[in-house]
Every structure is written in C-alpha cells, then in structure tokens.
Amino acid sequence: MTSDTERPTGPALVIGLGNPGSEYERTRHNAGFMVADVLAGRVGGRFTVHKKSGADLLEARLDGRKVLVAKPRSFMNVSGRPVAALARFFSIPPTEVIVVHDELDLEFGTVRLKRGGGEGGHNGLRSVSNALTTKDYLRVRFGIGRPPGRQDPADYVLKPFSSVERKELPVIVEQAADAVELLLRVGLEAAQNQVH
C-alpha cells in the first residue's frame, strides 16, 4: 500500500462508471465511461470483454506501470460486483482502484480528486464501496452540477448533457483523463496540487 504522497508503482485499476446501452451513451451518468474511452484512445487500445468480471477491459502501461481500464457491463447501481471481481482477479488493493464518476456536488466542468469519503447519494459509488468493503479508494469526480429547479437528481443524471454543455464536454472529458493519468503518475497529493 502506498501513502498519498508516494508515487505508486504497482498495478492500478481505473473504473469508468456508467450504464451500458446506447440509450445511456450521452447521459451525465456516463461521464466515467466517456473518460475511460478517452484513456483507451490515448494508449491505442481496445476494450475486450473480461468474462470473469463482467466488465469491458483494457490492459495498458503508463510510465512503466501496469494499468487496467474498465467499464462495468452491469447497470450503475450494481457496478460494484465487476469492480471487486477485477480487483480480486488482478490482485489490486482497493487503495489502487481509481473510480471516475459524475458528481452532482461540483459545478459542470470541474474535475476534482480525492480518496474515500461519502457517496453523496451516488448509487454506483455505494455499490463499489459495498463490494470492496471499504470507501478507501481513489475518485476522479467529474462535475455535472445540480439539476435546475425541482428536477429529480435521479432523472437529471440520466438525461443527456445540454447543448451548451456538449460544446465544452470534449475538453472536460480530456481534462478528467489528464487527471487520471496524473494520479497514476505522481500519486494523490501531488496530483491534487495540480488539479485543484
């Protein structure tokens, strides 16, 4: 286990959270999938089905470090099972699991890094915490902002980004992918100093 100030060297597991299926592809809840796809494009890799976990998986190297990028093939609220299965299969401790997820409590366009903490009503995070039996994993929080007016947050996250947001979305997804790479390269504390 590495502390937040050390540069990690062992394998890491990067999980992009989202919902499978074309009807969810462009929704706010799929920000994690979007970031995972950008990371795959950067390493020139393709996702393949990892049958033992029920996730789409890509194995790559970053600065000599083995990195697994995955997208659970299950729905968001049960995404913890494939995450835990991957961590077990590749012997990756929860402290080296990085979960990329949409975050209602951050303004759209904000990317933040942290370890542990609550789930803020995010069913995907709750599922991951339960399956890993700890909250002590890394998070790349992709701000989507709060819903306008009285719109139900559960409904809001399953809606596509607005036309104004869509114009900025590619840049923000790239920034979130940069944050993942920085986290993998320098560890949490150094990455937080650059991202915040």
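To the nearest 20 debye, what is the magnitude of the charge dipole of the chain about its Cα centre, counting +1 on the Cβ of each Lys and Arg and -1 on the Cβ of each Asp and Glu? Numbers along the way, then the final one.
Details: 27 positive and 23 negative charges, 99 e Å.
In total the dipole reaches around 480 debye.
Per residue, what volume in Å³ does the convex hull of the Cα atoms of the range 81-153 enclose?
81 Å³
Rounded to whole Å, give me the distance from the Cα center of the range 47-87 to that of the range 117-196.
Rounded to whole Å, the Cα centres lie 17 Å apart.
Name the residue farthest towards the positive end of the dipole of the chain from the options A191, I92, T110, assuming +1 on Cβ of Lys and Arg, -1 on Cβ of Asp and Glu, about the Cα centre.
I92
Report the rotationally averaged projected area of the range 114-161 based on its alpha-carbon convex hull, in square nanometres.
For the Cα atoms of the range 114-161, the hull's average projected area reads 3.8 nm².
Counting DSSP beta bridges in the chain, what percent are antiparallel, to the nearest 5?
55 percent
Under 18 Å between alpha carbons, and skipping anything fewer than 8 positions from K66 in its own chain: which aspartates and glutamates qualify?
Partners found: E6, D37, D56, E96, D178, E181.
When only DSSP loop residues count, what GluC sites (Glu not before Pro) in the range 54-122 have their Cβ near at most 13 other Cβ atoms within 10 Å?
Counting only loop positions with at most 13 other Cβ atoms within 10 Å, the GluC sites (Glu not before Pro) in the range 54-122 are E107.
Sum -39500 (n - 2.57) across every DSSP H segment of at least 4 residues in the chain, then divide by the residue count to get the 222 nm mean residue ellipticity, nearest 500.
So the calculated ellipticity at 222 nm is -11000 deg cm²/dmol.
Give the lysines whose C-alpha is closer than 22 Å to that of K71, dropping any in the same chain fewer than 8 places away, or say none.
Excluding near neighbours in sequence, the set is K51, K52, K114, K135, K159.
Hey, got a sec? Which trypsin sites (Lys or Arg not before Pro) in the range 13-65 land in a DSSP loop and have at most 14 other Cβ atoms within 10 Å?
Answer by residue number: R26, R46, K51, K52.
Run the simple label-point estimate for R150 and N193 please: 7 Å along Cα→C-beta, distance reported in nm.
If labels sit at R150 and N193, their model points lie 4.9 nm apart.
For the range 14-123, what value does the Rg/Rh ratio take when both radii are computed over Cα atoms and Rh is the Kirkwood radius, given to two decimals?
0.94
Quick check of the Kirkwood formula: for the chain, what is the inverse mean of 1/r over all pairs of different Cα atoms, in Å? Let's see the in-between values first.
On the way: mean 1/r = 0.0609 Å⁻¹.
Evaluated over the chain, this radius sits at 16.4 Å.
Kindly express, to the nearest 10 degrees and within the range 0 to 90, the angle between helix 123-132's C-alpha long axis and the longest C-alpha principal axis of the chain.
On a 0 to 90 degree scale, this one is about 20.
Quick one: accessible area per residue over the chain, 1.4 Å probe, rounded to a whole number of Å²?
Accessible area per residue: 47 Å².
Of all trypsin sites (Lys or Arg not before Pro) in the range 93-196, which ones are in loop regions per DSSP and have a Cβ with at most 11 other Cβ atoms within 10 Å?
Taking the range 93-196 and a limit of 11 other Cβ atoms within 10 Å, the loop trypsin sites (Lys or Arg not before Pro) found are R150.
Using the Cα atoms of the range 90-196, I'd like the radius of gyration and the largest Cα-Cα distance, Dmax, both in angstrom.
Computed over the Cα atoms of the range 90-196, radius of gyration and Dmax are 14.4, 45 Å.
The values are calculated or read from the model by the stated rules, or taken from the named source; none is laboratory data. It should be emphasised that the depicted structure is a prediction, and the values quoted were computed from it without experimental measurement. Here the Cβ is made from the backbone with ideal geometry for all residues, glycine too, and neighbour counts use every protein chain on show. For accessibility, only protein heavy atoms count, side chains too; no ligands or nucleic acids. Shrake-Rupley method; radii C 1.70, N 1.55, O 1.52, S 1.80 Å.
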